[in-house]
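Q: For reference, the structure I am asking about is given below.
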């Protein structure tokens, strides 16, 4: 049924055994200082057969943190922790791509060790609330980045990419989706700047292009990907010109020769076909909530080179084997998605294991 998935594929510098990858998923189980833990090592190692594992969002700087217990890649302890994760994934035959996620205004001082006000393109608070140790609190108003700070933030991504490779990762993915910092620069409501980074489409895509250029220049374009979610209103994002914006962004990024573009799309979105035509290298597609058959059809129809899945990989550490053999799939438990211990994280059984027998 899923035959189209099992052909090998090259994504930039990475030779992959099949066309099914693990999507990035925030799980909030790192140490408070952002260092990956033993649980993180086990979790990713269990899923190495996914081939391409894109990690949870990982802050490229202290100011990039938004949520509690998310990992970082800007300190020596972070590098050492991720090296253990990379070793576990490589031992299982997989490739590890660390996703660089600066959350921008989607943050709260109470969730960060330094306790500073969040930073963003503009001093515009997002509508909504954030989980903190004190409960659910409104997003605070962020501080607008100065021009020098914008340049410094671009360099934070570059240094984080270098750190990821030092940690043994096979590449990095720039998180330009889901309402976080890169997406905030793209949007017409979060970005109200009047300088070279705001206003026109050309200006609003500038930050994303500069980040991608810096990262690709540091670690190589064939180890650099970027994730985008055109039209996604998550985290209070509004885009009045989605088609024009993302086609312009794709055209501006294309000359860099990045390893891949990773698009979060709705099933049947016509923009996906246009992005496929405009993009010169590999296209990865994530279609949240769509039946697996519809996602696989994207590969079979050459509308994508590889598909990524989240909840299926979360609940099935041996998803590839289960799909190849037609085995029953584990059901994910939403109550254990974020935070906590091994339950709902490393205790989903593989084939032949009884539920609850995975190592705690």
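The values are calculated or read from the model by the stated rules, or taken from the named source; none is laboratory data. Fair warning: this is a prediction, and the values are worked out from it, not measured in the lab. Methodologically, a virtual Cβ is constructed for each residue, glycine included, from the backbone with ideal geometry; neighbour enumeration extends over all protein chains shown.
Q: Hey, could you check the stretch 68-91 for residues that are in a loop (DSSP other than H, G, I, E, B) and surrounded by fewer than 24 Cβ atoms within 10 Å (Cβ to Cβ) and say which is farthest from the chain's Cα centre (by Cα)?
A: By that ranking, first place goes to 75.
Q: For the structure I just gave you, tell me whether residue 231 is closer than 30 Å to residue 128 by Cβ, without any contact (Cβ under 8 Å) to a residue 12 or more places away in the chain and either surrounded by fewer than 22 Cβ atoms within 10 Å (Cβ to Cβ) or in contact with a strand residue (DSSP E or B) (Cβ under 8 Å, 6 or more places away or on another chain) (or both).
A: The answer is no for residue 231.
Q: Something else: Counting just the residues of the stretch 322-345 that are part of a helix (DSSP H, G or I) and under 23 Å from the mean Cα position of the chain (by Cα), which one comes out surrounded by the most Cβ atoms within 10 Å (Cβ to Cβ)?
A: 336
Q: If you don't mind, another one. Return the total of residues in the stretch 142-192 being crowded, with 21+ Cβ neighbours inside 10 Å and over 22 Å from the mean Cα position of the chain (by Cα).
A: So the count comes out to 2.
Q: Given the condition modelled with pLDDT of 95 or more, buried (at least 23 other Cβ atoms within 10 Å of the Cβ), assigned to a loop (DSSP other than H, G, I, E, B) and out of contact with any strand residue (DSSP E or B) (no Cβ under 8 Å at 6 or more places or on another chain), answer yes or no: does some residue in the stretch 120-127 qualify?
A: Yes, the stretch 120-127 has at least one match.
Q: Among the residues of the stretch 52-66, write down those that are out of contact with any strand residue (DSSP E or B) (no Cβ under 7 Å at 6 or more places or on another chain), part of a loop (DSSP other than H, G, I, E, B) and buried (at least 24 other Cβ atoms within 10 Å of the Cβ).
A: The one that is out of contact with any strand residue (DSSP E or B) (no Cβ under 7 Å at 6 or more places or on another chain), part of a loop (DSSP other than H, G, I, E, B) and buried (at least 24 other Cβ atoms within 10 Å of the Cβ): 66.
Q: If we scan the stretch 188-197, do we find a residue that is out of contact with any helix residue (DSSP H, G or I) (no Cβ under 8 Å at 6 or more places or on another chain), outside any loop (DSSP other than H, G, I, E, B) and either closer than 17 Å to residue 227 by Cα or in contact (Cβ under 8 Å) with a residue 24 or more places away in the chain (or both)?
A: No, the stretch 188-197 contains no residue that is out of contact with any helix residue (DSSP H, G or I) (no Cβ under 8 Å at 6 or more places or on another chain), outside any loop (DSSP other than H, G, I, E, B) and either closer than 17 Å to residue 227 by Cα or in contact (Cβ under 8 Å) with a residue 24 or more places away in the chain (or both).
Q: Within the stretch 111-137, track down each residue that is closer than 30 Å to residue 196 by Cα and without any contact (Cβ under 8 Å) to a residue 24 or more places away in the chain.
A: Matches in the stretch 111-137: 115, 123, 125.
Q: For residue 295, work out the one condition from (1) in contact with a strand residue (DSSP E or B) (Cβ under 7 Å, 6 or more places away or on another chain); (2) more than 19 Å from residue 250 (Cα to Cα); (3) surrounded by fewer than 19 Cβ atoms within 10 Å (Cβ to Cβ) it doesn't fulfil.
A: Only one criterion in (1) in contact with a strand residue (DSSP E or B) (Cβ under 7 Å, 6 or more places away or on another chain); (2) more than 19 Å from residue 250 (Cα to Cα); (3) surrounded by fewer than 19 Cβ atoms within 10 Å (Cβ to Cβ) is unmet by residue 295, namely (3).
Q: Moving to a separate point now. Run residue 159 past the list (1) free of Cβ contacts under 8 Å to residues at least 60 places away in the same chain; (2) assigned to a helix (DSSP H, G or I) and report the number of the one that doesn't hold.
A: (1)
Q: Checking residue 330 against (1) more than 30 Å from residue 215 (Cβ to Cβ); (2) touching a residue at least 12 places away in the same chain (Cβ under 8 Å); (3) out of contact with any helix residue (DSSP H, G or I) (no Cβ under 6 Å at 6 or more places or on another chain), which test does it fail?
A: (3)
Q: Also: Is the stretch 29-36 home to any residue that is modelled with pLDDT of 95 or more, within 25 Å of residue 332 (Cβ to Cβ), crowded, with 24+ Cβ neighbours inside 10 Å and out of contact with any helix residue (DSSP H, G or I) (no Cβ under 8 Å at 6 or more places or on another chain)?
A: For the stretch 29-36, residues modelled with pLDDT of 95 or more, within 25 Å of residue 332 (Cβ to Cβ), crowded, with 24+ Cβ neighbours inside 10 Å and out of contact with any helix residue (DSSP H, G or I) (no Cβ under 8 Å at 6 or more places or on another chain): absent.
Yes or no, residue by residue, for (1) more than 18 Å from residue 182 (Cβ to Cβ); (2) modelled with pLDDT under 95; (3) in contact with a helix residue (DSSP H, G or I) (Cβ under 7 Å, 6 or more places away or on another chain):
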{"site": "96", "(1), (2), (3)": "yes, no, yes"}
{"site": "100", "(1), (2), (3)": "no, no, yes"}
{"site": "104", "(1), (2), (3)": "no, no, yes"}
{"site": "133", "(1), (2), (3)": "yes, yes, yes"}
{"site": "148", "(1), (2), (3)": "yes, no, no"}
{"site": "153", "(1), (2), (3)": "no, no, no"}
{"site": "161", "(1), (2), (3)": "no, no, yes"}
{"site": "166", "(1), (2), (3)": "yes, no, yes"}
